[in-house]
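The values are calculated or read from the model by the stated rules, or taken from the named source; none is laboratory data. Remember, it's a predicted structure, so these values are computed and weren't measured experimentally. Reconstructed Cβ throughout: ideal geometry from the backbone, glycine too, with neighbour counts over all protein chains shown. With ligands, DNA and RNA removed, areas are computed over all heavy atoms of the protein, side chains included. Shrake-Rupley method; radii C 1.70, N 1.55, O 1.52, S 1.80 Å.
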Amino acid sequence: MAGDGRASGDVPLLYSEGNTAARVALEREVSGWSTIELAERVTKAGVKMNQTAIWRIENGEPRRRINLDEALALSRVFDLPLEELMSLPLEGLDAGEAYFETRDAQDRLHGAVVAIARHIEAQPDSSRAIHEQCLRLMGEERDANTLTDYIEGGGYYQ
């Protein structure tokens, strides 16, 4: 197009493809996977892909385009909805820092759930009080019921 600064014949990438490429790089790094490991995971998800394709998606000039089957496989591998995979990663977010903060929060939750499960086991009559506390924390009866059932059932923590 005239006046847009591109050489004749260049085809612009859709904004979501650029976002997806940035998101693939971010999610791969946060997961601690190499481009080879990500390519293997995408292949296991049903779409043959090699390390070079991953590198070209993330860094290529021009960037390698992502077809729909590849996008769906990537969303499965990263356990993200397709729409989220296509969204721009949050600017200014240090992916490594966010990953470790999330992991630390999960560890604290794990410790709390284990402590509550031990308390319920030692004092089974306290279950209703635990549910009421969960309700105050969660704000909705459905969420509190889910959390209470998870705690009382032991979740995967026991």
| note | How many residues of region 36-83 are touching a residue at least 12 places away in the same chain (Cβ under 8 Å) and within 13 Å of the chain's Cα centre (by Cα)? The answer is 5
| field | Residues of region 36-77 classified as open to solvent by 20 Å² or more (accessible area, probe 1.4 Å), under 15 Å from A22 (Cβ atoms) and in a helix (DSSP H, G or I), total | value | 4
| message | Can you find, within region 79-110, the residue that is modelled with the lowest pLDDT among those that are among the hydroxyl-bearing types (S, T, Y) and touching a helix residue (DSSP H, G or I) at 6+ places or on another chain (Cβ under 7 Å)? | response | Y99
